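Here the structure is laid out as structure tokens; the discussion comes afterwards.
The values are calculated or read from the model by the stated rules, or taken from the named source; none is laboratory data. No experiment lies behind these values; they were computed from the predicted model shown. Every residue, glycine among them, receives a Cβ derived from its backbone with ideal geometry; neighbour counts consider all protein chains shown.
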Amino acid sequence: MPIQTVGVIGCGLMGSGIAQVCAQAGYKTIVREVNDELLQKGLGKIEGFLTKSVEKGKLTAEQKQAVMSNLIGTTSLTAMKDADIIIEAAIENINLKKELFGELDKLCPSHTIFASNTSSLTITEMAAATKRPDRFVGLHFFNPVPLMKLVEVVRTIATSHESFNTAFAFAKTLGKEPIACKDNSGFVVNLLLVPYLLDAIRALENGVATVEDLDKGMVLGCGYPMGPFTLLDFVGLDTTLYIANIMFEEYRESKYAPPPLLRKMVLAGYLGKKSGKGFYDYSSEKPKATDLGM
């Protein structure tokens, strides 16, 4: 069946972005949050982004209104029962995700495709909580969703060709560039990115160079838009630690093992930009490297 109605579970940073691009592509989009306060915050984030787009001349006021009219906010899981595809963007907790999909499996008709936006958990384990593993995929978007073009479309050993092809084509209708991935922890991007970020921390621990020079080396030497420590602060050190732990548990390879410095910084509350301090201190106008006593 063609996709006409999209359900999005979660209206936080990722969920609000996913809901926005779906509504912007013309889909009736139902976005669900656990309470009205979080729901209104997420919908406000979408409206704020669209308002800025109008101010910059990227959208007309009429186009903004059309996007907002495609959005339906709810705190009820039952509201998802008529969706043709449901994209879960809840917190990275496998038990919560399995519980959600188990409930949705009972609510939704047999044709509904389930998808998870997880960045590191295995899709197969979530699919096993339902009676439709053949209609279960990963759709991993990147932050900020309205601006980042990539979507990793993840296929498990049980995903049907039809479901995968439908999800892949759906990602294209959102104006994204999808790539096909197997259901391995980290998929493509994090599989390659996480060891790079952890190696940068190890290089700092071993006194190879300073935070600034390691960043500058990768920006000027490899043409990266930002160095590893700037990126770590942007992603969040707690998020990186969480993903690294999941990947190490999956592969048991040392390259995925979180370095001691990363653990210590998270314990100290140095989480990156969101906490005001990570590998850089953001308390002044121009960020400067944090004194880590090294």
Which listed residue is exposed (fewer than 15 other Cβ atoms within 10 Å of the Cβ), at pLDDT below 95, over 19 Å from Gly293 (Cα atoms) and not basic (Lys, Arg), from Glu253, Glu249
Glu249
Sort out which residues of the stretch 47-98 are among the charged types (D, E, K, R), more than 30 Å from Ile123 (Cα to Cα) and part of a helix (DSSP H, G or I), and write them in order of number.
Glu47, Lys52, Glu55, Glu62, Lys64
Across the stretch 259-280, what is the total count of residues that are surrounded by 16 or more Cβ atoms within 10 Å (Cβ to Cβ) and touching a Ser or Thr at 6+ places or on another chain (Cβ under 9 Å)?
10
Any hit, the stretch 242-249, residues being assigned to a loop (DSSP other than H, G, I, E, B) and not acidic (Asp, Glu)
no
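Would a scan of the stretch 129-143 turn up a residue that is outside the structural domain of Ile243 (by TED's automatic domain parsing), β-branched (Val, Ile, Thr), modelled with pLDDT under 95 and under 30 Å from Phe234 (Cβ atoms)?
Residues of the stretch 129-143 outside the structural domain of Ile243 (by TED's automatic domain parsing): 129-143.
Those left that are additionally β-branched (Val, Ile, Thr): 130, 137.
Then keep just the ones that are modelled with pLDDT under 95; that gives none.
For the stretch 129-143, residues outside the structural domain of Ile243 (by TED's automatic domain parsing), β-branched (Val, Ile, Thr), modelled with pLDDT under 95 and under 30 Å from Phe234 (Cβ atoms): absent.
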Within the stretch 95-122, of all residues that are β-branched (Val, Ile, Thr) and closer than 16 Å to Ile9 by Cα, the one modelled with the lowest pLDDT is Thr118
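In the set Gly15, Gly44, which member is modelled with pLDDT of 95 or more, farther than 28 Å from Glu162 by Cβ and assigned to a helix (DSSP H, G or I)?
That would be Gly44, the only listed residue that is modelled with pLDDT of 95 or more, farther than 28 Å from Glu162 by Cβ and assigned to a helix (DSSP H, G or I).
Any idea how many residues of the stretch 170-184 are over 24 Å from Ala128 (Cα atoms) and either part of a helix (DSSP H, G or I) or basic (Lys, Arg) (or both)?
3
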